[in-house]
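The values are calculated or read from the model by the stated rules, or taken from the named source; none is laboratory data. Note that the structure is a prediction, hence the values are computed from the model and not measured. FYI the Cβ positions are ideal-geometry reconstructions off the backbone, even for glycines, and counts take in every protein chain you see. Heads up: the accessible areas ignore ligands, DNA and RNA and are worked out on the full protein's heavy atoms, side chains in. Shrake-Rupley method; radii C 1.70, N 1.55, O 1.52, S 1.80 Å.
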Amino acid sequence: MKRFELDNYKIDIINLYQNQGLSCDKIAKVYGASLCGIYDALRRWKIPTRNLSKSHKIYKMNDSFFKIIDTEDKAYWLGFIYADGFVTMPHSFGLALAMKDKSHLVKLLKCLESDYPLHNYETNSEYGKHPYSRLLINNEEIFNDLQNKGVKLRKTLIIEFPSEEILPKKLYRHFIRGYFDGDGSLILSEGSINFKICGTKEFLYKLIEIFNKVSAYDFKYKLYKRNKDTKNNYYLSYGGLRKVYSILSYLYKDSTIFLERKRDKYKKLEEMFYS
């Protein structure tokens, strides 16, 4: 890799070095660069380099959290990671959320019994600045367990609903709630109530099948393309107070873990339903 090509990976390299404790040698292997190239890049970016005695910090972690999905918390976070998380080589997984949802990442760290740090960044676009918080965890066991549970590299267009061997039926609603919190929306406006969730055709067809089993309403197997030029990237959408409430009550009723701002919308929908 040429010298300044590493600049394209600046944030990730700094994160791996400063926050995840990887050595320059390991980072060089990840990016196909030379050891000197990584050192040179860190110095150009004015990142203090450390000696070997300080080359790796061990963070606390419940390594077996995703080994068996047998609780509400585990099912929820697996669903959230399916929607909004990622795994990356050599053995890391991460989540990046808008700054307003940073407290949700704190919840995940609490479930993982971890003291991994959260780091704040900001992106710039034609619409303005967008602050966000990111968690990147370097843990081989967690990485392997997530991959075994269906969280694949570049998963967006190939994701499938987990099998019963991975996710027991009794935990479906917690998994789907996590997925919806990560990649779904509920619109409540004057004259319009709409539930929307994104995914692959295979994943969404399974959701429709589940909704038809837990609701008295008939949910049609109709999907919409998110982008006409992208294969296997769809969303399903349903409107109407009673139909949408039947889905959201299945997902949120008596739940103990959720993204607050979306649960608040459910509570507002519930008020509308009973008014």
### Query
Does Tyr59 satisfy the criteria of being open to solvent by 40 Å² or more (accessible area, probe 1.4 Å), modelled with pLDDT under 90 and either within 15 Å of Ile142 (Cα to Cα) or part of a helix (DSSP H, G or I) (or both)?
no
### Breaking point among (1) open to solvent by 60 Å² or more (accessible area, probe 1.4 Å); (2) in contact with a Lys or Arg (Cβ under 8 Å, 6 or more places away or on another chain), for Leu236
(1)
### Task
Give just the number: which of (1) within 20 Å of Thr156 (Cβ to Cβ); (2) in contact with a Lys or Arg (Cβ under 6 Å, 6 or more places away or on another chain); (3) modelled with pLDDT under 85 does Thr88 not satisfy?
(2)
### Which numbered condition Leu251 fails, given (1) within 23 Å of Asp73 (Cβ to Cβ); (2) in a helix (DSSP H, G or I); (3) open to solvent by 40 Å² or more (accessible area, probe 1.4 Å)
(3)
### Task
From Ser133, Ser163, grab the single residue that is over 15 Å from the mean Cα position of the chain (by Cα) and either open to solvent by 10 Å² or more (accessible area, probe 1.4 Å) or more than 30 Å from Tyr205 (Cα to Cα) (or both).
Ser163
### Query
Can you tell me which residues in the stretch 99-122 are of a type in the set (D, E, K, R) and either open to solvent by less than 70 Å² (accessible area, probe 1.4 Å) or part of a helix (DSSP H, G or I) (or both)?
Lys100, Asp101, Lys102, Lys107, Lys110
### Query
Which is of a type in the set (A, V, I, L, M) and under 20 Å from the mean Cα position of the chain (by Cα), of Leu188, Leu241, Leu259?
Leu259
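Give the stretch 179-207 a look and list any residue that's in a helix (DSSP H, G or I) and either touching a residue at least 24 places away in the same chain (Cβ under 8 Å) or hydrophobic (A, V, I, L, M, F, W, C) (or both), or say none. So that I can check it myself, show each step before the final result.
Initial filter on the stretch 179-207 (in a helix (DSSP H, G or I)): 179-183, 201-207.
Tyr179, Phe180, Asp181, Gly182, Asp183, Lys201, Glu202, Phe203, Leu204, Lys206, Leu207, listed by residue number.
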### Query
Just checking, how many residues over the stretch 129-143 are more than 16 Å from Lys110 (Cα to Cα), touching a Pro at 6+ places or on another chain (Cβ under 9 Å) and in a strand (DSSP E or B)?
1
### Query
Within the stretch 169-178, can one find any residue that is out of contact with any Ser or Thr (no Cβ under 8 Å at 6 or more places or on another chain) and in a strand (DSSP E or B)?
no
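Go over the candidates Lys110, Lys152 one by one and state the one that is of a type in the set (Lys, Arg) and either touching a helix residue (DSSP H, G or I) at 6+ places or on another chain (Cβ under 6 Å) or more than 23 Å from Gly21 (Cα to Cα) (or both). Walk me through it before giving the result.
Working: Lys110 fails: either touching a helix residue (DSSP H, G or I) at 6+ places or on another chain (Cβ under 6 Å) or more than 23 Å from Gly21 (Cα to Cα) (or both).
After ruling out the rest, the residue left standing is Lys152.
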### Message
Against the condition in contact with a His (Cβ under 9 Å, 6 or more places away or on another chain), modelled with pLDDT under 95 and of a type in the set (S, T, N, Q), how does Asn120 come out, does it pass?
### Response
no
### Pairs with Cβ under 9 Å, 6+ apart, first in the stretch 258-275 and within 26 Å of Ala98 (Cβ to Cβ) and assigned to a helix (DSSP H, G or I), second acidic (Asp, Glu) and open to solvent by less than 80 Å² (accessible area, probe 1.4 Å)
Glu260/Asp101; Arg261/Asp101; Lys262/Asp181; Arg263/Asp181
### Query
So is Asp229 of a type in the set (D, E, K, R) and free of Cβ contacts under 8 Å to residues at least 12 places away in the same chain or not?
yes
## Note on the structure
Picking from Phe86, Phe93, the residue that is open to solvent by 10 Å² or more (accessible area, probe 1.4 Å), assigned to a strand (DSSP E or B), aromatic (Phe, Trp, Tyr) and in contact (Cβ under 8 Å) with a residue 12 or more places away in the chain would be Phe86
